[in-house]
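J.: This is the structure I want to talk about, given as structure tokens.
The values are calculated or read from the model by the stated rules, or taken from the named source; none is laboratory data. This is a predicted model, so every value here is computed, not measured. As a convention, Cβ positions derive from the backbone with ideal geometry for all residues, glycine included, and neighbour counts pool all protein chains shown.
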Amino acid sequence: MGQSLVKNYVHIIFSTKNRQPFIKQEYEDELFKYLGGVCKAYDCTPIQVGGYLDHVHILCLLAKNMTIAKLVEEIKTDSSKWMKKRADELSNFYWQDGYGAFSVNPSQVDTVIYYIQNQRKHHEKKSFQHEYRAFLKKYQVDYDERYVWG
């Protein structure tokens with residue numbers, strides 16, 4: 001086969017360090033656009049970016065020559081520096097060390113888009129920790145609670 005053809009949808013989730021509520025409404029739209037721009041810069045087409053006070057969700061198409069780990073590293077590094085420049089209150093902005101990344105079946109892309117778009121409403125009832133544990137359970141990911149929230 002002379003050509004590499006790839007279409008991998010990935011749902012990436014990570015939080016602010018210690019789940020600090022830095023992603024306030026006045027910053028979120030600009031932050032979400034910026035995160036999508038970082039994805040684009042690495043040829044990973046952003047489909048939906050969103051989140052709530054202490055975490056983000058990114059649904060994107062992973063480029064054929066990009067690893068998830070490298071993409072997340074670039075997203076976090078670039079956006080952390082960018083956020084710190086937004087306001088004095090963000091001078092201590094950091095992302096957590098880890099992340100979650102989950103494959104998405106093409107038939108479920110619309111469902112994930114809707115889910116990400118409705119984070120504010122979703123988190124009226126569930127904390128980020130509850131939400132994240134549910135993803136780990138759904139995808140049958142073994143984890144040690146002591147190391148998830150660092």
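J.: Just to be sure I understand, how many residues within segment 111-141 are of a type in the set (Ser, Thr, Tyr) and either under 13 Å from the mean Cα position of the chain (by Cα) or part of a loop (DSSP other than H, G, I, E, B) (or both)?
T.: Within segment 111-141, residues that are of a type in the set (Ser, Thr, Tyr) and either under 13 Å from the mean Cα position of the chain (by Cα) or part of a loop (DSSP other than H, G, I, E, B) (or both) number 4.
J.: In segment 3-26, which residues are at pLDDT below 95 and hydroxyl-bearing (Ser, Thr, Tyr)?
T.: 4, the sole residue that qualifies.
J.: Can you pull out the residues in segment 56-76 that are closer than 16 Å to residue 95 by Cβ, of a type outside the set (A, V, I, L, M), surrounded by fewer than 22 Cβ atoms within 10 Å (Cβ to Cβ) and in contact (Cβ under 8 Å) with a residue 60 or more places away in the chain?
T.: If the condition is that a residue be closer than 16 Å to residue 95 by Cβ, of a type outside the set (A, V, I, L, M), surrounded by fewer than 22 Cβ atoms within 10 Å (Cβ to Cβ) and in contact (Cβ under 8 Å) with a residue 60 or more places away in the chain, then 76 is the only one that fits.
J.: For segment 83-110, which positions are more than 16 Å from the chain's Cα centre (by Cα) and part of a helix (DSSP H, G or I)?
T.: 84, 88, 89, 90, 106, 107, 108, 110
J.: Can you pull out every residue in segment 83-100 that is buried (at least 16 other Cβ atoms within 10 Å of the Cβ) and either acidic (Asp, Glu) or under 23 Å from residue 149 (Cα atoms) (or both)?
T.: Scanning segment 83-100 gives 83, 90, 93, 95, 96, 99, 100.
J.: Still on this structure, please answer the following. Within segment 83-95, is there a residue that is under 17 Å from residue 11 (Cβ atoms) and in contact with a strand residue (DSSP E or B) (Cβ under 8 Å, 6 or more places away or on another chain)?
T.: There is at least one residue in segment 83-95 that is under 17 Å from residue 11 (Cβ atoms) and in contact with a strand residue (DSSP E or B) (Cβ under 8 Å, 6 or more places away or on another chain).
J.: Something else now. Counting only residues that are of a type in the set (Val, Ile, Thr) and either in contact with a His (Cβ under 7 Å, 6 or more places away or on another chain) or touching a residue at least 40 places away in the same chain (Cβ under 8 Å) (or both), which one in segment 9-50 is surrounded by the most Cβ atoms within 10 Å (Cβ to Cβ)?
T.: 49
J.: Among the numbered criteria (1) surrounded by fewer than 14 Cβ atoms within 10 Å (Cβ to Cβ); (2) closer than 27 Å to residue 77 by Cβ; (3) modelled with pLDDT under 90, which one does residue 103 miss?
T.: (3)
J.: Please tell me if residue 34 is hydroxyl-bearing (Ser, Thr, Tyr), closer than 19 Å to residue 90 by Cβ and out of contact with any Cys (no Cβ under 8 Å at 6 or more places or on another chain).
T.: Spelling it out, residue 34 is indeed hydroxyl-bearing (Ser, Thr, Tyr), closer than 19 Å to residue 90 by Cβ and out of contact with any Cys (no Cβ under 8 Å at 6 or more places or on another chain).
J.: Okay, moving on. How about segment 35-61: which of its residues are within 18 Å of residue 131 (Cβ to Cβ) and of a type in the set (D, E, K, R)?
T.: Answer for segment 35-61, where residues must be within 18 Å of residue 131 (Cβ to Cβ) and of a type in the set (D, E, K, R): just 54.
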